[in-house]
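Student: Okay, here's the structure, questions in a sec.
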Amino acid sequence: MEQNSSCLSARIQSLAVSATLAMSQKSQELKAQGIDVINLSVGEPDFNTPDHIKDAAKKAIDENFTFYSPVPGYMSLRRAIADKLSRENGLAFAPEQIVVGNGAKQAICNVVLAVVNPGDEVVIPVPAWVSYVEMVKLAEGKAVTVSAGIESDFKITPAQLEAAITDKTRAIILCSPSNPTGSVYSKTELQALVDVLARHPRVIVIADEIYEHINFTGSFTSLGSFPEIANRVVIINGVSKAYAMTGWRIGYCAAPLWLAKGVTKLQGQYTSGASSIAQKAAEAAYNGPQDCIARMRDAFERRRDLVVELASAIPGLKVNRPEGAFYLLPEVTAYYGKKTPDGKVIETSGDLAMFLLQDAHVAMVDGAAFCAPGYIRLSYATSDDNIREAMRRVAESLAKLK
Ligand code: PMP
Ligand code: GLU
């Protein structure tokens, strides 16, 4: 019998490809063919990792941090993370409650796999990052999406949350500042959601705070700081975004001890401790000077202003003013039904993203991948020149649709 992709497990067959990574790959392939693509698809800081962090990694190699690390991470790193959570967020986590993994991505997947039984429901406010729903599918759970559009600044209401929770709800995954919307829940808005969650003690609250520092509101409230739910909040964070360290692959969960132990058991059978060298670099990030964070945040804020100004001036794009992260999610349905110069009708946001890749050579991601059909996401974590040129090309190409 010849084996092919139909022989993959049902689990893998039902899994979607990561649209963010796929679009980025596609734009790299086009670039390799000599096409001048501006890549606004993948979301990662365009800055280099600060020198003091790179130096710590070099030193770690010289000092032979080259052996297996403890499964949940070096105690020195977990202490540095516990200090960070105390210093910046006012949260009291012991190092034993922290499990370091290969990026926030693995940290979230670990937690989902550790708490979700087949058939359990996980509430996911959408638009949401591409991987949440797929992680729930991996755990054989059911993703229950709760939708909020641009008219409500992409934020769900307490009534929507209450309506989504059932006897089967095991967890909620909330991301603020949000990928892909850039929306930031205020302390008051979070309190209103916490009031609902307080009535449902079985629900584990997974707070994805990876964009904590890319926040233009001037204040950040961690979901871990609400006493009503503190004993069942899991904080997800890492060094990828705040310290421009996406390739180093260090993230963590800070969780109730029973859950941290479960996650450690899973990781011990699955991937072991994260890279020893990257962990020492992350330790330097948390313990070292923090001014790099503000410098990068300021650059993102300036670019936010630029991209909002330019995108708002393009006819047919409905744009909000994101308060964090580095994404813009314009609504594009005004272009539905229009024809491209070669006669193809734009029927979905995916069609539009594909047209803009082919005609404008600007790579963006179809909102459908974030459970937000009708929108397209662009990452403005790139130079001012790239932003200007990309918006010029997008405007020019959209004007060709009749
Ligand atoms: N959560 C969100 C919302 C993200 O955007 C990302 C980055 N794609 C992650 C988690 C994963 O980050 P990391 O690079 O640390 O795995
Ligand atoms: N934060 C990024 C994005 O959403 C990284 C790619 C990914 O892991 O999805 O584009």
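The values are calculated or read from the model by the stated rules, or taken from the named source; none is laboratory data. Remember, predicted model here, so these are calculated numbers, not experimental data. Here the Cβ positions follow ideal geometry from the backbone for every residue, glycine too, while neighbour counts run over all protein chains shown. The protein model used for the area step is the full one, side chains on, heavy atoms only, and it has no ligands, DNA or RNA in it. Shrake-Rupley method; radii C 1.70, N 1.55, O 1.52, S 1.80 Å.
Student: Among Ser86, Ser24, Ser131, whose mean-square fluctuation peaks in a Gaussian network model of the chain (Cα, cutoff 10 Å)?
Tutor: Ranking Ser86, Ser24, Ser131 by mean-square fluctuation puts Ser86 first.
Student: What number, in percent, do you get for the relative contact order of the chain if the mean sequence gap of Cα pairs under 8 Å and at least 6 apart is divided by its residue count? Walk me through the intermediate numbers first.
Tutor: Working: 768 pairs, mean separation 89.2, N = 402.
In percent, rounded to a whole number, it is 22.
Student: What shape does segment 85-137 take by its C-alpha gyration tensor, where a ≥ b ≥ c are the square roots of the eigenvalues and a/c under 1.5 counts as rounded, a/b above b/c as prolate, and the rest as oblate? Please report the intermediate quantities before stating the final value.
Tutor: On the way: a/c = 2.08, a/b = 1.73, b/c = 1.20.
Verdict is prolate for segment 85-137.
Student: May I pose another question? For a test of understanding, tell me how many lysine pairs in segment 206-350 have Cα atoms under 26 Å apart, given they are 8 or more places apart or on different chains. Walk me through the numbers on the way to the answer.
Tutor: Numbers: Lys241/Lys280; Lys261/Lys280; Lys265/Lys280; Lys318/Lys338; Lys318/Lys339; Lys318/Lys344.
Close lysine pairs found across segment 206-350: 6.
Student: Same structure, new question: So what's the angle, to the nearest 10 degrees on a 0 to 90 scale, between helix 276-287 and the longest Cα principal axis of the chain?
Tutor: Between the helix axis and the principal axis of the chain, the angle is about 90 degrees.
Student: Using only the alpha-carbon atoms, how far is helix 291-312 inclined from the longest principal axis of the chain? Give it as 0 to 90 degrees, nearest 10.
Tutor: Approximately 30 degrees, to the nearest ten.
Student: Roughly how many whole Å is it from the C-alpha centroid of segment 295-316 to that of segment 244-283?
Tutor: First find each Cα centre; the distance between them is then 34 Å.
Student: If ligands, DNA and RNA are left out, what is the accessible area of Asp342 with a 1.4 Å probe, given in Å² to the nearest 10?
Tutor: 130 Å²
Student: Given a 1.4 Å probe and the protein chains all in place, what does the accessible area of His52 round to, in Å² to the nearest 10?
Tutor: 60 Å²
Student: With everything on Cα atoms, drop me the angle between helix 103-115 and the longest principal axis of the chain, reported from 0 to 90° to the nearest 10.
Tutor: Helix 103-115 and the main axis of the chain meet at about 70 degrees.
Student: Additional query: Calculate, for the chain, the solvent-accessible area per residue in square angstrom, rolling a 1.4 angstrom probe over the heavy atoms of the protein chains.
Tutor: Numbers: 17030 Å² over 402 residues.
Value for the chain: 42 Å² per residue.
Student: What GluC sites (Glu not before Pro) in segment 95-177 are in a loop by DSSP, with at most 15 other Cβ atoms within 10 Å of the Cβ? Before the final figure, lay out the partial values.
Tutor: Values: sites: Glu96, Glu121, Glu134, Glu140, Glu151, Glu162; in loops: Glu140.
Qualifying residues, ordered by number: Glu140.
Student: Give me the orientation-averaged projected area of the Cα convex hull of segment 306-382, in nm², one decimal.
Tutor: Values: hull surface 20.4 nm².
It is 5.1 nm².
Student: To the nearest 0.05, how large is the calculated FRET efficiency for Ser6 and Ala159 if R₀ is 45 Å and r is the Cβ-Cβ distance?
Tutor: Details: r = 44 Å, r/R0 = 0.97.
The value I calculate is 0.55.
Student: Sticking with this one: If eta is 1.567 mPa s and T is 4 °C, what Stokes-Einstein diffusion coefficient results for segment 1-46, Kirkwood Rh from Cα pairs, in µm²/s?
Tutor: Working: Rh = 13.0 Å.
For these conditions, the coefficient is 100 µm²/s.
Student: Follow-up. Please compute the modelled spin-label separation between Asn48 and Gln290, points set 7 Å along Cα→Cβ, answer in nm with one decimal.
Tutor: The two pseudo-label positions are separated by 2.5 nm.
Student: How large, in percent, is the carbon and sulfur part of the accessible surface of segment 76-173 at a probe radius of 1.4 Å? Walk me through the numbers before you get to the answer.
Tutor: Working: 1770 of 3520 Å².
Heavy-atom surface of segment 76-173 belonging to carbon and sulfur, 1.4 Å probe: 50 percent.
Student: Taking 2.2 N^0.38 Å as the expected size of a compact globular protein, what ratio does the Cα radius of gyration of segment 180-263 give against it, to two decimals?
Tutor: On the way: Rg = 13.8 Å, N = 84, 2.2 N^0.38 = 11.8 Å.
Scaled against compact globular proteins, the figure is 1.16.
Student: Further, regarding this structure: Taking a quarter of the surface of the Cα convex hull of segment 261-402, what do you get in nm²?
Tutor: Numbers: hull surface 47.4 nm².
Mean projected area of the Cα convex hull: 11.9 nm².
Student: Show me 237-250, 307-320 ranked by packing, highest mean number of other Cβ atoms within 10 Å first. List each step's numbers first, then the result.
Tutor: Values: 237-250: 23.5, 307-320: 17.0.
Going from most to least packed, we get 237-250, 307-320.
Student: Pop a pseudo-label 7 angstrom from the Cα along the beta-carbon direction at both Asp83 and Asp342 and give the gap in nm to one decimal.
Tutor: Once both label points are built, they end up 5.8 nm from each other.
Student: Rg and Dmax of segment 98-226 over Cα atoms: what are they, in angstrom?
Tutor: Calculated on Cα positions, Rg and Dmax stand at 13.8, 41 Å.
Student: Could you tell me what fraction of 2.2 N^0.38 Å the Cα radius of gyration of the chain comes to, as a two-decimal ratio?
Tutor: Details: Rg = 21.2 Å, N = 402, 2.2 N^0.38 = 21.5 Å.
Dividing the Cα Rg of the chain by 2.2 N^0.38 Å gives 0.99.
Student: Counting only protein heavy atoms and a 1.4 Å probe, tell me what percentage of segment 278-347's accessible area is made up of carbon and sulfur. Could you put the intermediate results ahead of the total?
Tutor: Numbers: 1540 of 3030 Å².
Carbon plus sulfur share of accessible area: 51 percent.
Student: Still on this structure: Using helices alone, what [θ] at 222 nm do you get for the chain, with -39,500 (n - 2.57) per DSSP H run of 4 or more residues, divided over all residues and rounded to the nearest 500?
Tutor: On the way: 13 runs with 154 residues, N = 402.
Theoretical 222 nm ellipticity from helices: -12000 deg cm²/dmol.
Student: Let me ask something additional. Distances longer than 25 Å among the Cα atoms of segment 63-168: what percent of all pairs is that?
Tutor: Details: 2364 of 5565 pairs.
Considering segment 63-168, 42 percent of its Cα-Cα pairs are separated by more than 25 Å.
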